[in-house]
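Reviewing the structure listed below.
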Amino acid sequence: STPQKSRSSHASTKSNITRSARDIRDERKKEAEYCVRHNLVLDALVAEVAKPRDDGLAAFTTQIATRVCERLEAFIHAYEHSKKYSELVKWTGMKEQSPESAMYSPISAFFTYVSKAIDSVHGDISDGGSYSRACVILPYDITDRNPIGADDDTRIDIALRFVNRNASDADLAQRYLSKPDYKDITAIVEIKREVGK
């Protein structure tokens, strides 16, 4: 989901200055319940929604997705020989009673792996030079955190943001991905585990 800041229930709105935090939370809960009833799409085909409308670009991104899947499968089968993304394997072997927080690091590692794999295979595919890629989407280093600029105490499990694909590791660690800032967040990930799954 994508963060939304401008709404009538924002704590800094003049009409809310005299209201308690509990009143504002209750109103937001009602807003969320309304959205679930009227807007939630179960089992949405996210890949189809995100698929480019341009036929050439769609074919190109399909090739990229296929290559990344092949790399990921090969990595998982050979992870004993490389611990670079060992967090990925923890995700597949967790016990049912493991807390949701135990999944933050593995899922963040998954986002990082896929993003870097896309960047790696981008230039290997025929005609790849026709489509430039200026940004990558990466998870913040800190999880389960209330972002800077938020107006309530809601904690976000994992926050993602677009960053320049040419950013150095130092910039990523110190400038871009150190502390989640609401104005920079591209999307948020809420982790849920179903009992018995």
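Quick one: is G123 surrounded by 15 or more Cβ atoms within 10 Å (Cβ to Cβ), modelled with pLDDT under 80 and of a type in the set (G, A, S)?
Criteria not met by G123.
Considering only the range 140-152, I want to know if a residue exists there that is in contact (Cβ under 8 Å) with a residue 60 or more places away in the chain, out of contact with any helix residue (DSSP H, G or I) (no Cβ under 6 Å at 6 or more places or on another chain) and of a type in the set (D, E).
yes
Name the one entry in D26, D55 that is modelled with pLDDT of 75 or more, surrounded by 11 or more Cβ atoms within 10 Å (Cβ to Cβ) and either farther than 26 Å from T143 by Cβ or under 23 Å from the mean Cα position of the chain (by Cα) (or both).
D26
The values are calculated or read from the model by the stated rules, or taken from the named source; none is laboratory data. Since this is a predicted model, take the numbers as computed values, not measurements. A quick note on method: Cβ atoms are made from the backbone with ideal geometry, for glycine too, and the neighbour counts reach across all protein chains shown.
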